[in-house]
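The values are calculated or read from the model by the stated rules, or taken from the named source; none is laboratory data. Source: prediction; values computed, not measured. Reconstructed Cβ throughout: ideal geometry from the backbone, glycine too, with neighbour counts over all protein chains shown. The protein model used for the area step is the full one, side chains on, heavy atoms only, and it has no ligands, DNA or RNA in it. Shrake-Rupley method; radii C 1.70, N 1.55, O 1.52, S 1.80 Å.
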Amino acid sequence: MILVEIFSTPGCGKCAQAREALRAVAESLSAVRWREVNILDELDYAVDLGVLSLPAIAIDGELVFPTLPGAERLRQELMRRLAGAH
């Protein structure tokens, strides 16, 4: 199972718009779990991963996209990781 975490803040319009497209990509893959991280609630965790700007995406506890990727870029990264897991 791959864990995708998106770091954002409540009320961030840019975050909300992008989040929906990226969540659809993640949820279309059966071995992927999606988690939304409110940076205000989990600031220490975000800092530990190196999140410097929002929104950002971590995969399996590693900051992979310090800025939001496009949906296709996220899909490619997840497919690459799923292929390597077998």
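Among the residues making up the range 31-51, those that are touching a helix residue (DSSP H, G or I) at 6+ places or on another chain (Cβ under 9 Å) and open to solvent by 30 Å² or more (accessible area, probe 1.4 Å) are 31, 33, 34, 36. Checked against (1) touching a residue at least 24 places away in the same chain (Cβ under 8 Å); (2) open to solvent by 70 Å² or more (accessible area, probe 1.4 Å); (3) in a loop (DSSP other than H, G, I, E, B), residue 75 meets all criteria but (3).
Could you tell me whether any residue of the range 28-45 is charged (D, E, K, R) and closer than 18 Å to residue 70 by Cβ? The answer is no, given that none of the residues of the range 28-45 is charged (D, E, K, R) and closer than 18 Å to residue 70 by Cβ. Among the numbered conditions (1) under 14 Å from the mean Cα position of the chain (by Cα); (2) in a helix (DSSP H, G or I), the only one that residue 51 does not meet is (2).
Checked against the criterion of being in a helix (DSSP H, G or I) and not charged (D, E, K, R), the candidates 58, 21 yield just one match: 21.
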